[in-house]
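Student: Have a look at the structure that comes next, please.
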Amino acid sequence: MSASGGTKAIVAALAANLAIAVAKFVAFLFSGSSSMLAESVHSLADSGNQGLLLLGGKKAQREATPQHPFGYGRERYIYAFLVSIVLFSVGGMFAIYEGYEKIKHPHEIEAWYWPVGVLVFAIIAETFSFRTAIKESNEVRGKLSWKEFVRRAKAPELPVVLLEDLGALVGLILALVGVSLALATGNGVWDGIGTLCIGVLLIAIAIILAAETKSLLLGEAAGTDEVKKIEAALVDNDTVTGIIHMRTLHLGPEELLVAAKIAVRHEDTATDIATAIDAAEARIRTAVPIARVIYLEPDIFRDTKPTPAS
């Protein structure tokens, strides 16, 4: 996986979530807190999600085959979409079910120091993981806002880890509030309400991830800046006089397909046009290095605008 895939952020999140999942489950066993059980399942699901992202990055590196001539770059999109499904089903739906059961059949939290202590530890660990994800994202997001970065990023790993870590931090705070209110009032219903809120939060994040990843799976064009660079590189105002039309498509986060019909002069020879196409491809790859698959079709430009009526 390339640096933009955020491998460091994924590994940091994986290590934090595995440690937190074990701590939360131990706290659940000693305290009986449903928030702790929901949070331990949430952390376990997050750990599995980071494993899926790493697996997707590994599979995406396979060489192209006759059956898949454009390679396997979109494997990363597929595994990111699986993450949203796991987050929705294993994380969100389980938490909602557990919260409903706890509200319906509340009981007091035992050994309060276990859930409180684990939640404080988990918040600290998740903060470090979230900080790593923010640092890695800042290196690639440029001037984009965080909302724009999540929506426009072609590499899915960093947006996924960012939203997961954000959801984990907010979920931990909700769990801490629910446990604290249950301890203060002696009413276990508050623990169930906290668990229910965690479930709603996870489902909301899963829906956002699914929507953004679906767009990548369907196939997104190059960004506006990249399109402008490609257009500028195509035209040399000598043999290539203009662009009739152009299409771009991400075959993966770091692989772009460019297909264009270019305008040439009718007096140019086949040799002139072939040389110009080779030069244009070289200019495109220099301007946008991820443009690895390029198809250029020369044509004589014809002005098809209708003649004004007399």
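Student: Tell me, what HN-Hα J-couplings in whole Hz come from the Karplus equation 6.51 cos²θ - 1.76 cosθ + 1.60 at θ = phi - 60° for each residue of the range 18-26, using x for Gly and Pro?
Tutor: Karplus-based 3J(HN,Hα) across the range 18-26 equals 5, 5, 5, 4, 5, 4, 5, 5, 4 Hz.
Student: Let me ask another. Apply the Karplus curve 6.51 cos²θ - 1.76 cosθ + 1.60, θ = phi - 60°, to the phi angles in the range 131-138 and return the couplings in whole Hz, x for Gly and Pro.
Tutor: Once rounded to whole Hz, the list reads 4, 5, 5, 5, 4, 5, 5, 4.
Student: Using amide H atoms built 1.01 Å from N in the peptide plane, name the residues 5+ places from Val240, or on other chains, whose amide H lies under 5 Å from its own.
Tutor: Result for Val240 returns nothing.
Student: For Glu220, list long-range residues whose amide hydrogen, built 1.01 Å from N in the peptide plane, is under 5 Å from its own amide hydrogen.
Tutor: His250
Student: May I pose another question? Consider a paramagnetic label point 7 Å from the Cα of Leu29 along Cα→Cβ; state which residues of the range 116-133 have an amide N under 16 Å from it.
Tutor: 118
Student: Hull surface divided by four, with the convex hull built on the Cα atoms of the range 63-130: how many nm²?
Tutor: Orientation-averaged projected area of the Cα hull: 7.8 nm².
Student: Now, a different point. Using just the C-alpha positions of the range 1-83 as equal point scatterers, what log10 of I(q)/I(0) does the Debye formula give at each q in 0.19 1/Å?
Tutor: -0.80
Student: Right, here's the next one. For the range 106-121, what does the Karplus curve 6.51 cos²θ - 1.76 cosθ + 1.60, with θ = phi - 60°, yield as ³J(HN,Hα) per residue in whole Hz, taken in order and with x for Gly and Pro?
Tutor: Once θ is set to phi - 60°, the couplings for the range 106-121 become x, 8, 5, 7, 9, 6, 4, 5, 5, x, 5, x, 5, 5, 5, 4 Hz.
Student: Using the heavy atoms of the protein chains and a 1.4 angstrom probe, tell me the accessible area per residue for the chain in square angstrom.
Tutor: 50 Å²
Student: About the Cα centre of the range 112-151, how large is the charge dipole given +1 on each Lys and Arg Cβ and -1 on each Asp and Glu Cβ? Please answer in debye to the nearest 20.
Tutor: 200 debye
Student: Can I ask one more? Out of Pro106, Ser43, Ala206, whose Cα points farthest toward the positive end of the dipole of the chain (charges: +1 Lys, Arg; -1 Asp, Glu; placed on Cβ)?
Tutor: Pro106
Student: Note the listed values (i) 174; (ii) 158; (iii) 140, then indicate which one is volume of the Cα convex hull per residue in Å³ calculated from this particular structure.
Tutor: (i)
Student: While we're here: Taking amide H atoms as placed 1.01 Å from N in the peptide plane, list the residues 5 or more away in sequence, or in a different chain, whose amide H sits under 5 Å from that of Ile262.
Tutor: Residues meeting the amide H criterion: Ile244, Glu297, Asp299.
Student: Show me the three semi-axes of the equivalent ellipsoid for the range 166-310, from the C-alpha gyration tensor (sqrt of 5 times each eigenvalue), largest first, rounded to whole Å.
Tutor: Semi-axis lengths for the range 166-310 are 58, 17, 10 Å.
Student: Hey, in the GNM for the chain with a 10 angstrom Cα cutoff, which one of Thr213, Thr239, Thr269 fluctuates hardest?
Tutor: Thr269
Student: Run lengths n ≥ 4 of DSSP H only: what is the helix-derived mean residue ellipticity at 222 nm for the chain, with -39500 (n - 2.57) per run over all residues, to the nearest 500?
Tutor: Value at 222 nm, helices only, nearest 500: -22000 deg cm²/dmol.
The values are calculated or read from the model by the stated rules, or taken from the named source; none is laboratory data. Computed from a predicted structure; not experimentally measured. Backbone-built Cβ (ideal geometry, glycine too); neighbour counts: all protein chains shown. Quick note on the areas: whole protein, heavy atoms, side chains included, nothing else; ligands and nucleic acids left out. Shrake-Rupley method; radii C 1.70, N 1.55, O 1.52, S 1.80 Å.
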